[in-house]
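The values are calculated or read from the model by the stated rules, or taken from the named source; none is laboratory data. Keep in mind that this is a model prediction, so the values were computed, not measured. In this analysis, Cβ positions are derived from the backbone assuming ideal geometry, glycine residues included, and neighbour counts consider all displayed protein chains. Areas reflect the complete protein model, heavy atoms only, side chains present, ligands, DNA and RNA absent. Shrake-Rupley method; radii C 1.70, N 1.55, O 1.52, S 1.80 Å.
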Amino acid sequence: FAAENAHDVAGTLATYTDDIVWDDITHPLSPVRGKEAVGAVYGDILGSIPDLELRSVRRFSSADGRWVVDESIASGHVHGVWAGATGGGAFVEVRMLHVFEIRDGLIVHENTWFDSAAVARQVEEWTAAHTAG
């Protein structure tokens, strides 16, 4: 998350294996395979949410280190399209759940879940508040 919070796509990709499977259930291209494809997706996300921040709330790992589960809060101003919502600059904050499979110290598979309806609701509320005359 440090690389993601620094908006360092190359640094983020360095945490993945070459054969990474990145599977965000809200993303229309998921699952995405390989670093190049994942890098393109991260670039799009950061283009839509240029101030994206992830804050880990709690993290668990299996005794052998193969599995990591992280609950986090994602926040930022959505200027593009994210989770099906066109943000227009709306600030959103959503809880996320990540499940990582680790091989040789790198992420080989990442699953991400969050409530895309919460994103849409926050964008709608922000839009209503900022367009009311």
Single condition Glu124 does not satisfy, out of (1) open to solvent by 100 Å² or more (accessible area, probe 1.4 Å); (2) modelled with pLDDT of 95 or more:
(2)
Check whether at least one residue in the range 15-37 is open to solvent by 30 Å² or more (accessible area, probe 1.4 Å), modelled with pLDDT of 95 or more, at negative phi and touching a Gly at 6+ places or on another chain (Cβ under 8 Å), and report yes or no.
yes
One residue is enough: does the range 38-61 have a residue meeting the conditions modelled with pLDDT under 95 and open to solvent by 70 Å² or more (accessible area, probe 1.4 Å)?
yes
Among the residues in the range 114-132, are any assigned to a strand (DSSP E or B) and either under 15 Å from the mean Cα position of the chain (by Cα) or of a type in the set (Gly, Ala, Ser) (or both)?
yes
On the basis of being in contact with a Gly (Cβ under 7 Å, 6 or more places away or on another chain), in contact (Cβ under 8 Å) with a residue 12 or more places away in the chain and closer than 22 Å to Arg95 by Cβ, does Ile49 make the cut?
yes
Residues of the range 23-71 being aromatic (Phe, Trp, Tyr) and under 23 Å from Ala120 (Cα atoms), in sequence order, are Tyr42
Please find, among Glu110, Glu101, the residue that is among the acidic types (Asp, Glu), open to solvent by less than 20 Å² (accessible area, probe 1.4 Å), modelled with pLDDT of 95 or more and out of contact with any Ser or Thr (no Cβ under 9 Å at 6 or more places or on another chain).
Glu110
I need every pair where a residue in the range 96-125 that is among the hydroxyl-bearing types (Ser, Thr, Tyr) has its Cβ under 9 Å from the Cβ of a residue that is not in a strand (DSSP E or B), sequence separation at least 6 or different chains.
Thr112/Ile25; Thr112/Thr26; Thr112/His27; Thr112/Ser30; Ser116/Ile25; Ser116/Thr26; Ser116/Ala83; Ser116/Gly84
